[in-house]
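The values are calculated or read from the model by the stated rules, or taken from the named source; none is laboratory data. These numbers come from a predicted model, not from an experiment. A quick note on method: Cβ atoms are made from the backbone with ideal geometry, for glycine too, and the neighbour counts reach across all protein chains shown.
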């Protein structure tokens, strides 16, 4: 079967890259021909939009003396090329994709099935202005299978306008099967769309840890420089203090595998993201993980590494709550330094976690296979 997958725009986020890789890999192992429909980055502008933007920025730069670039589209494109120097090769090698800026370029007959997911593909602020595209509005008259796999709203709160809800509900009616990544997503689908949805695992959890280990061994990735892996998306003093406290208590050496790639004010050399393989190897080498990232929690579970998660409310807590509750790991969430000693020293019952993982993995695989009528 020819399958087109629509997910979040691939950028330098490790979790976003690996969930796309994992879903494509599992579908290929099922025997399908799979293509990721990758949306182009947002630096494309129409002729008139460019004229307006250039004129405004020219005046700001040369009349008001602002330290800005006039041609922002050129700068953004150049920055992206630099930032993705080490992540782009992984994507190019392991993820088969086609590019589009306008989904009307995808034609009837290109695919037998369209899969939406995973990650926060259905989170309204993240998907606008292409929100309806991720509900397959461009294919609403097509005779194709429509499946949502582990789609995420990212939050328990409903972020759609009434008008958006009405349109998306109509589009969801055409889906053959819907699954979501968070337990709260099941409730939202029922309440807002009047559709039943199945709770499934994130795609990254569909393949074995040995498959991830193969990736960094094949790339001959060097050993990590430490044993306390700290993957922090949004740094602050509290998180720095947490890292220092754990390092001191356990006599661990902290190490980091990420950059300031989202910080447009940072020098470009500080925004270049390390290779995906280095990030994977970090979990393999770590004795302990501290993070505010959903997918870092996922890979800590995959590699059976004790971890502390500092939940990231701005990026969406529903993901963390659902994941931790599913595996009985609610106590891995950091709340205050008074409880730090007990949290660091408390052993995780990995046998129990892995048994739960095995059951959910089989259920999620069977859901996907059944949705495709295998």
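Scan the stretch 248-255 and tell me whether some residue there is within 19 Å of residue 19 (Cβ to Cβ) and touching a strand residue (DSSP E or B) at 6+ places or on another chain (Cβ under 8 Å).
No, the stretch 248-255 contains no residue that is within 19 Å of residue 19 (Cβ to Cβ) and touching a strand residue (DSSP E or B) at 6+ places or on another chain (Cβ under 8 Å).
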When the stretch 106-124 is checked residue by residue, the ones that are more than 15 Å from the chain's Cα centre (by Cα) and either surrounded by fewer than 16 Cβ atoms within 10 Å (Cβ to Cβ) or at positive phi (or both) are 107, 108, 109, 112
Taking first residues from the stretch 212-225 that are in contact (Cβ under 8 Å) with a residue 12 or more places away in the chain and assigned by TED's automatic domain parsing to the domain that holds residue 22 and second residues anywhere that are outside any helix (DSSP H, G or I) and buried (at least 17 other Cβ atoms within 10 Å of the Cβ), the pairs with Cβ under 6 Å that are 6 or more apart or on different chains are none
Reported set for the stretch 246-264 where residues are surrounded by 17 or more Cβ atoms within 10 Å (Cβ to Cβ), in contact (Cβ under 8 Å) with a residue 60 or more places away in the chain and over 19 Å from the mean Cα position of the chain (by Cα) is 246
Scanning the stretch 1-22 for residues that are within 24 Å of residue 104 (Cβ to Cβ) and more than 10 Å from the chain's Cα centre (by Cα), the one surrounded by the most Cβ atoms within 10 Å (Cβ to Cβ) turns out to be 5
By residue number, the members of the stretch 133-171 that are surrounded by fewer than 19 Cβ atoms within 10 Å (Cβ to Cβ), assigned to a loop (DSSP other than H, G, I, E, B) and more than 21 Å from the chain's Cα centre (by Cα) are 140, 141, 142, 143, 161
Residue set 174, 192; condition part of a helix (DSSP H, G or I), in the same structural domain as residue 142 (by TED's automatic domain parsing), more than 23 Å from the chain's Cα centre (by Cα) and farther than 16 Å from residue 119 by Cβ; output residue 192
Exactly one of 207, 290, 268, 243 is under 19 Å from the mean Cα position of the chain (by Cα) and farther than 14 Å from residue 18 by Cα, and that one is 290
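May I ask you to say which residue of 180, 276 is buried (at least 20 other Cβ atoms within 10 Å of the Cβ), in contact with a strand residue (DSSP E or B) (Cβ under 9 Å, 6 or more places away or on another chain) and at negative phi?
Just one listed residue meets the conditions, 180.
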Notebook entry, point to check: Do we have residue 181 as modelled with pLDDT of 95 or more, closer than 21 Å to residue 300 by Cα and in the same structural domain as residue 29 (by TED's automatic domain parsing) here?
Noted result: yes
